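This report refers to the structure that appears directly beneath it.
The values are calculated or read from the model by the stated rules, or taken from the named source; none is laboratory data. Computed from a predicted structure; not experimentally measured. Ideal geometry is used to build each Cβ from the backbone, glycine not excepted, and the neighbour counts take in all protein chains shown. Each accessible area value is taken on the protein alone, full model and side chains, heavy atoms only, with ligands, DNA and RNA left out. Shrake-Rupley method; radii C 1.70, N 1.55, O 1.52, S 1.80 Å.
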Amino acid sequence: MRLIDLLGRYQARLEGEGRTPRGVGRYVWSAERFIKWADPGVAVSDITSSLLREYQDDSLAGNSPGFINAELSALRCFCVFLRSDAGLMGDPMIGMRAEPKPIMLPKTLNHAERVVVMEALRWPDEHITPYERFLHQRARLAVFTVWYAGPRLAELAGLRYGAIDFDGETVTIYGNAGAKRRRDRQVPLHPTLRDEYLAIPAAWRRPDMAILQHQDHTPYPYRSIEHIFDRWLVERTGIRPLGAHRFRHTFATMLMEAGVSLRRIQKYLGHSSLNTTALYLGLVDDGDREAIRKLK
């Protein structure tokens with residue numbers, strides 16, 4: 001049985017597991033990439049550990065550790081499908097080695113950059129058209145939601161107004177919206193964020209409506225939300241690189257600056273390990289600056 005003939009069933013299997021369209025597309029693309037490298041005629045019986053190791057050494061070598069490990073994860077998922085649905089014997093992923101990822105400090109916005117961003121998000125003094133106002137307000141919603149609640153980009157794309165509890169002052173971030181760990185979590189609703197949401201007309205804030213939407217109320221897509229940060233905001237601030245994750249890092253950094261415990265920050269960010277949250281301890285804060293000033 002050829003692998004290329006199984007791609008349709010594989011895609012249906014992934015969709016049946018409730019994965020996001022973006023995730024399904026990514027995993028199917030990885031399977032297609034492997035089949036193209038091996039040979040369009042490669043069969044299930046040809047899949048061995050040695051073939052997969054050769055693929056890693058030949059096709060994946062030279063890429064970033066993150067890309068390599070993502071491809072290995074996708075291959076592992078494909079092999080699980082082949083074992084359960086196509087009669088693949090054994091586990092050919094045994095012995096596959098993940099690439100060690102360098103430990104890097106979070107990229108946060110410094111105080112001066114935060115001021116520049118706030119100025120870029122300020123409402124224009126001059127008259128703007130209703131459509132320009134709509135675009136500006138949507139951008140403010142995107143940036144302030146990540147800045148004051150810390151969702152990942154995929155989580156932001158899946159966020160609905162039903163997740164906002166104005167009375168309980170919480171934002172519920174749902175893992176099934178595309179999160180890494182697929183865990184739900186709650187974050188306290190910051191007053192700035194509350195004001196931004198309440199500035200939206202009630203007709204646009206029904207529980208089933210996306211926080212970020214087109215004028216016809218359809219959800220704003222993931223890639224377009226990404227461009228709010230790396231295009232729209234970059235043009236207005238000149239800060240490069242600038243993406244949604246820098247605001248997630250800034251959210252965590254501001255919590256740490258305010259004296260919030262690592263455990264709480266871990267909870268708000270949805271980290272599975274406290275070690276990931278502890279990376280923020282490596283950043284210089286005002287206490288560090290004061291300590292250095294005391295040196296003779």
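Restricting to the stretch 244-271, what's the tally of residues that are surrounded by 11 or more Cβ atoms within 10 Å (Cβ to Cβ) and of a type in the set (G, A, S)?
At the first step, the residues of the stretch 244-271 found to be surrounded by 11 or more Cβ atoms within 10 Å (Cβ to Cβ) are 244-257, 260-262, 264-271.
So of that shortlist, the ones also of a type in the set (G, A, S) come out as 244, 252, 261, 270.
The qualifying residues number 4.
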| What is the residue count in the stretch 145-166 for residues that are surrounded by fewer than 21 Cβ atoms within 10 Å (Cβ to Cβ), at pLDDT below 95 and of a type in the set (D, E)? | 0
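Is there a residue in the stretch 270-279 that is in a loop (DSSP other than H, G, I, E, B) and in contact (Cβ under 8 Å) with a residue 40 or more places away in the chain?
Of the residues in the stretch 270-279, the ones in a loop (DSSP other than H, G, I, E, B) are 270-273.
Next, only the ones that are in contact (Cβ under 8 Å) with a residue 40 or more places away in the chain stay: 270, 272.
Taking every residue of the stretch 270-279 in turn, at least one turns out to be in a loop (DSSP other than H, G, I, E, B) and in contact (Cβ under 8 Å) with a residue 40 or more places away in the chain.
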| field | Tally of residues being surrounded by 12 or more Cβ atoms within 10 Å (Cβ to Cβ) and either touching a Leu at 6+ places or on another chain (Cβ under 7 Å) or of a type in the set (G, A, S) (or both) across the stretch 66-110 | value | 16
| query | List, please: which pairs have Cβ atoms under 7 Å, are six or more places apart or on different chains, and start with a residue in the stretch 79-99 that is within 14 Å of S49 (Cα to Cα) and in contact (Cβ under 8 Å) with a residue 40 or more places away in the chain and end with one that is part of a loop (DSSP other than H, G, I, E, B) and open to solvent by 50 Å² or more (accessible area, probe 1.4 Å)? | reply | P92/T48
| task | Filter the stretch 199-219 for residues that are under 16 Å from R133 (Cα atoms) and either among the hydroxyl-bearing types (S, T, Y) or not in a loop (DSSP other than H, G, I, E, B) (or both) and give the result. | result | W204, Q213
| task | Say whether the condition of being modelled with pLDDT of 95 or more and among the aromatic types (F, W, Y) is met by at least one residue in the stretch 173-186. | result | no
| Which condition number does G259 fail, the rest of (1) of a type outside the set (A, V, I, L, M, F, W, C); (2) over 17 Å from the mean Cα position of the chain (by Cα); (3) under 30 Å from F134 (Cα atoms); (4) not in a helix (DSSP H, G or I) being met? | (3)
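Going by the conditions given, is A74 more than 30 Å from L52 (Cα to Cα), modelled with pLDDT of 90 or more and in a helix (DSSP H, G or I)? Outline the logic, then answer.
On the way: more than 30 Å from L52 (Cα to Cα): no; modelled with pLDDT of 90 or more: yes; in a helix (DSSP H, G or I): yes.
Criteria not met by A74.
Only one residue in I265, I239, I228 is outside any loop (DSSP other than H, G, I, E, B) and in contact (Cβ under 8 Å) with a residue 40 or more places away in the chain, so which one is that?
None of the other options fit; the residue is I228.
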| message | Looking at the structure I just gave you, is R138 open to solvent by less than 30 Å² (accessible area, probe 1.4 Å), within 25 Å of V260 (Cα to Cα) and not aromatic (F, W, Y)? | response | no
| said: Of everything in the stretch 55-65, what is open to solvent by 10 Å² or more (accessible area, probe 1.4 Å) and either touching a helix residue (DSSP H, G or I) at 6+ places or on another chain (Cβ under 6 Å) or among the small types (G, A, S) (or both)? Give them in sequence order. | reply: S59, A61, G62, S64
| query | Does the stretch 23-38 contain at least one residue that is in contact (Cβ under 8 Å) with a residue 60 or more places away in the chain and out of contact with any Lys or Arg (no Cβ under 7 Å at 6 or more places or on another chain)? | reply | yes
| query | Within the stretch 31-42, can one find any residue that is over 29 Å from R223 (Cβ atoms), surrounded by 15 or more Cβ atoms within 10 Å (Cβ to Cβ), out of contact with any Pro (no Cβ under 9 Å at 6 or more places or on another chain) and of a type outside the set (D, E)? | reply | yes
